[in-house]
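J.: Supplied in structure tokens, the structure appears directly below.
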Amino acid sequence: MADEDANPFASPSEVNPFADPSVKSATGGPSKNLGDYNPFAEQASRPQTTTAQTPPASTAAYIQPATIEPTKAEAPPSYTPYSIQSQSDQEAIRRRQEELERKDAELTKKENELRVLQQQVIRENNFPPLPKKFCPNPCFYHDISVDIPIEFQKTCRMVFYVWQLYSFALLYNCICSLALLIVGGDNGAETFGVSLLYLVLFVPCSFIFWYRALYKAFKNDSSFNYMLFFFVFFFQILCSILYALGIPAFGTCGWINAGKTFDKSNKGIAAMMFVSGALFTVLAILKIILLKKIHSIYRTTGASLEKAQGEFARGVMTNKDVQNAAAEAAKTGIQAQAARY
């Protein structure tokens, strides 16, 4: 039977394609024909596994693609000027503002009173404060609270105190020099004579050329007086340093001649001379500090060398003595020119 089915020489109409063994095994054997074959029977007999269901093609067309929308930030709360500040902070700010307004009102009142006082005051010379019985009369009017603006009064008083200390140091130096002369110290006569000259000459000159110059500079905002003060005061600092050294026969009692006097068993006089040297040393330090302070004030006032030159020229031209001298020179020149012709 198998040989008949596998006859290669059979006609095509006689060949049975389902007689092939592979087809028979697929259809479940020879007993089943094509009409009874159920291809899904095998799948039904297998254990079913759960698989993810895919949507049908007809519905997949209607699925919208996923989109990422930006997150919407919440709007910030409305700002109010005092929303962060507590009640105590507001009260502190209010008190501070009231205090500033009160100080400003006081300063304005003092400035107005000062202007009125400057206009009403009778400017009689009151410095130096000599007794009325003395024949010499006071030469200058000196009142810091009246002449000097409020912002410069403290500095002006400091300079005045330094000038007083300088005058006292010269007087004390003269006393020490006299003591050195009495005990017969080296160069006692020269030291005392020069120290006496310093006392008589430098006390009034220092008042006029650097203290009075600064006084006028603060009073009138004068560039020329600022320049005069800086020039003279710088050399005053150098002189104070030399005074403190105490060079023999230089006219001052300082560290050098005090040490020499101490070696000769004149310890009392040497102690006085050491104090004199200390006074001049302190003066030099104070003068350096004041020079720096006044220079910083000078830079804020708008003063300059050009203004100083202009003030000097105007002062020379308005001076009566200069005007009289110029008039006499012009008159003499005209007369000489007329005599020629």
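J.: Using the structure shown, decide if CYS174 is open to solvent by less than 80 Å² (accessible area, probe 1.4 Å), in contact (Cβ under 8 Å) with a residue 40 or more places away in the chain and of a type outside the set (D, E, K, R).
T.: In short, no.
J.: Suppose we filter LEU180, LEU197, LEU130 for residues that are within 30 Å of LEU242 (Cβ to Cβ) and exposed (fewer than 15 other Cβ atoms within 10 Å of the Cβ); which single one remains?
T.: LEU197
J.: Among the helices (runs of 4 or more DSSP H) contained in the stretch 260-341, which hold 2 or more residues that are modelled with pLDDT of 85 or more, in contact with a Cys (Cβ under 8 Å, 6 or more places away or on another chain) and not β-branched (Val, Ile, Thr)?
T.: 267-300
J.: On the given criteria, is ILE237 touching a strand residue (DSSP E or B) at 6+ places or on another chain (Cβ under 9 Å) and either closer than 20 Å to PRO138 by Cβ or of a type in the set (A, V, I, L, M) (or both)?
T.: So ILE237 does not fit the description; no.
J.: Let me ask you something else. Looking at the structure I just gave you, is ALA249 among the aliphatic types (A, V, I, L, M) and outside any helix (DSSP H, G or I)?
T.: Criteria met by ALA249.
J.: Name the pairs: first residue in the stretch 232-249 and among the hydroxyl-bearing types (Ser, Thr, Tyr), second residue crowded, with 16+ Cβ neighbours inside 10 Å and part of a loop (DSSP other than H, G, I, E, B), Cβ to Cβ under 9 Å, at least 6 apart or on different chains?
T.: Every condition considered, the pairs that remain are TYR243/PHE250; TYR243/GLY251; TYR243/THR252; TYR243/CYS253; TYR243/GLY254.
J.: Output the residue which, of all residues in the stretch 134-164 that are open to solvent by less than 50 Å² (accessible area, probe 1.4 Å) and of a type in the set (A, V, I, L, M), is farthest from the chain's Cα centre (by Cα).
T.: Per the stated criteria, the residue is VAL146.
J.: Tell me which residues, restricted to the stretch 218-231, are part of a helix (DSSP H, G or I) and touching a residue at least 24 places away in the same chain (Cβ under 8 Å).
T.: Passing the criteria: PHE218, LYS219, SER223, PHE224, TYR226, MET227, PHE229, PHE230.
The values are calculated or read from the model by the stated rules, or taken from the named source; none is laboratory data. Predicted model, so just to flag it, every value in this text is computed and none were measured. All Cβ positions, glycine included, derive from the backbone under ideal geometry; neighbour counts span all protein chains shown. Heads up: the accessible areas ignore ligands, DNA and RNA and are worked out on the full protein's heavy atoms, side chains in. Shrake-Rupley method; radii C 1.70, N 1.55, O 1.52, S 1.80 Å.
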